[in-house]
Amino acid sequence: MTREELVAWLMSAGEPAYRADQILGWVYERGAGSFQEMTNLPVGLRERLAEEMELNAVRALRVRQAGDTTEKFLFQLSDGALIETVLIPATPGLTSQSDRHTVCVSSQVGCAYGCRFCASGLAGVRRNLSAAEIVDQVVHVQRLSGERVHNIVMMGMGEPLANYEAVLRALKILNSPWSLGIGARKMTISTVGLAPQIRRLAEEPMQIRLAISLHGATDEVRSRIMPVNRKYPLRELIGACEEYRRRRQRQITFEYILLKDVNDTEEQARALGALAARLAAKVNLIPYNPVEGLPWQRPSEAQCRQFQQWVKRYRVAVTLRMEKGTDINAACGQLRLQEERRIGAEWSLAAVVSGSTM
Ligand code: SAH
């Protein structure tokens, strides 16, 4: 709920508008977990709030800490669905900040795009997350970790631009001074490459950062691992990125996972370097994090460094992300995958019974 919506609700309940700031202070600054804790509100209002509103759109099921202090959260939604959120302390290459806290947020339950290497899309998409479920991931990570969040990357489960309205609404809320006040420039939307929505994003007043999951620098290679490339081939995707650049004057990031013998060749490095140079984009190379049951492998570290050198020749900024959190399956949908495999039968049965699959 936005502040304006909360004020409207309070007015219609016969309460003064300043209660809105009291309530929002409890939610975003003090991390209250229930309306009962809001002791400066009249008891009657607290009861009414508890009856008519929901304070917790997500519930922590498991929290896992990796050796490198990355923390991973498995959240359960009100319909039983599972999503993942990750708290990453310092990620040079992922954002321009080091020593700051980044939260990696999910936008959907599952994913419809079926990138061949990715764990999140293995069972398709179940539904979009609501703005509340997106905002609450950040609020709960802050509450559970006791850390202040500085950066948000929409790089968890799901395709954020396929859930455009809720994602933008959530980011606007998180950006607001009455909420967490996180700067738009500290927010990154990562996309599989939905060209029309990239053009739409270019029109938004908020200065959100854009990252493109490229992963292949020619249509032949990209289509092999990312089916979405058949719908929006590189020419269209790059065209949308150029428009975004023109309107925004913001640097785009190309994410490029390195898959052994698939996209780690000199030919791909050259094509990638040329594309990045054309768009003045920076390139973030990520050695693939193997997914149980899938055939893809990561190249040797030497090969990754060689690939980086090949791209560098095009005078583009290219980082090799030595990723964090691998020991807790923090990369890319893997904690959820494990959990769903363990309790999967129960969930899919429950979903069929309640008719909530899609
Ligand atoms: N759907 C959006 C948001 C997901 S972001 C997008 O595609 O950009 C998550 C990033 O992790 C994407 O770049 C995705 O391609 C990448 N990824 C998925 N599985 C991975 C794996 N096993 N190892 C490394 N990166 C992976």
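The values are calculated or read from the model by the stated rules, or taken from the named source; none is laboratory data. Just so we're clear, the structure is a prediction, and the values are computed from it rather than from any experiment. Glycine gets a Cβ as well: all are built from the backbone with ideal geometry, and neighbour counts include every protein chain shown. Just the protein is used for accessible areas: all its heavy atoms, side chains included, with ligands, DNA and RNA removed. Shrake-Rupley method; radii C 1.70, N 1.55, O 1.52, S 1.80 Å.
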I'd like the full set of residues that are over 25 Å from the mean Cα position of the chain (by Cα), within 27 Å of residue 296 (Cβ to Cβ) and not in a loop (DSSP other than H, G, I, E, B), limited to the range 243-279. 266, 267, 268, 269, 270, 271, 273, 274
Any residue at all in the range 173-183 that is within 15 Å of the ligand (Cβ to nearest atom), crowded, with 20+ Cβ neighbours inside 10 Å and at pLDDT 95 or above? no
Can residue 135 be described as in contact with a strand residue (DSSP E or B) (Cβ under 8 Å, 6 or more places away or on another chain), over 22 Å from residue 237 (Cβ atoms) and either in a helix (DSSP H, G or I) or polar (S, T, N, Q) (or both)? no
Any idea which of (1) within 14 Å of the ligand (Cβ to nearest atom); (2) open to solvent by less than 30 Å² (accessible area, probe 1.4 Å); (3) in contact (Cβ under 8 Å) with a residue 40 or more places away in the chain is the one residue 134 doesn't satisfy? (3)
Please verify whether the range 240-249 includes one or more residues that are assigned by TED's automatic domain parsing to the domain that holds residue 113, more than 20 Å from residue 210 (Cα to Cα) and open to solvent by 20 Å² or more (accessible area, probe 1.4 Å). no
Just give me the residues in the range 218-242 being under 17 Å from residue 113 (Cα atoms) and either small (Gly, Ala, Ser) or not in a helix (DSSP H, G or I) (or both), in sequence order. 223, 226, 227, 232, 233
Apart from one, (1) surrounded by 19 or more Cβ atoms within 10 Å (Cβ to Cβ); (2) under 22 Å from residue 90 (Cβ atoms) all hold for residue 275; the odd one out is (2)
Quick one: which residue in 143, 148 is assigned to a loop (DSSP other than H, G, I, E, B) and away from the ligand (no atom under 16 Å from the Cβ)? 148
Tabulated pairs, the range 286-308, first in the same structural domain as residue 256 (by TED's automatic domain parsing) and free of Cβ contacts under 8 Å to residues at least 40 places away in the same chain, second more than 8 Å from the ligand (Cβ to nearest atom) and of a type in the set (Phe, Trp, Tyr), C-beta under 8 angstrom, 6+ apart or interchain: 286/256
Pairs please, first residue from the range 198-217 and under 11 Å from residue 252 (Cβ atoms), second anywhere and of a type in the set (Lys, Arg) and open to solvent by less than 10 Å² (accessible area, probe 1.4 Å), Cβ atoms under 6 Å, 6+ apart in sequence or on different chains. none
Tell me yes or no: at least one residue of the range 112-123 is closer than 26 Å to residue 31 by Cα, more than 8 Å from the ligand (Cβ to nearest atom), in the same structural domain as residue 295 (by TED's automatic domain parsing) and aliphatic (A, V, I, L, M). no
Here is a check on your reading of the model: is residue 187 in contact with a Gly (Cβ under 7 Å, 6 or more places away or on another chain), surrounded by 19 or more Cβ atoms within 10 Å (Cβ to Cβ) and at negative phi? no
Given the conditions (1) under 18 Å from residue 234 (Cβ atoms); (2) open to solvent by 20 Å² or more (accessible area, probe 1.4 Å), report the number of the one that residue 207 does not fulfil. (1)
